[in-house]
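Participant: Quick one: structure below, then a few questions.
The values are calculated or read from the model by the stated rules, or taken from the named source; none is laboratory data. As the structure is a prediction and not an experimental result, all values here were calculated from the model. Calculation scope for accessible area: heavy atoms of the full protein, side chains included, ligands and nucleic acids excluded. Shrake-Rupley method; radii C 1.70, N 1.55, O 1.52, S 1.80 Å.
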Amino acid sequence: MKRNGFKVFSFISATIIFCVFAFVTLIAAAAVDEDTDGNNFVIQAMAKIYYIFRFPIHTLFFRFIEGPFFFVGLLLNCLFYGFLTERIVFIFDRKKSN
């Protein structure tokens, strides 16, 4: 039986990193929306990056994202990006070993 080589530690660490980035960019987007960013370029750039972290759940299912489901959607996005990152690292490791 062939193993898929899924590394749980890589998945969890990538998911945590994406959750931190999603939260930081969410705060930056809120600061720009409330006009409390002080025209800071870094905060404005982070607010624009938030649109990447809210994809795909918030983009595809925006009508259903209300209240606490907003943060559940962000968590699902982070899990998706963590899984995607783990698979990309697995593919690169496999090609490197061959």
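Participant: Could you name every one of the helices (runs of 4 or more DSSP H) located completely within the stretch 1-93 that has at least 2 residues being open to solvent by less than 50 Å² (accessible area, probe 1.4 Å) and of a type in the set (V, I, T)?
Facilitator: Details: elements: 8-33, 41-53, 57-60.
Those helices (runs of 4 or more DSSP H) span 8-33.
Participant: When you look at L79, is it aliphatic (A, V, I, L, M) and at pLDDT 95 or above, yes or no?
Facilitator: Details: aliphatic (A, V, I, L, M): yes; at pLDDT 95 or above: yes.
Answer is yes for this residue.
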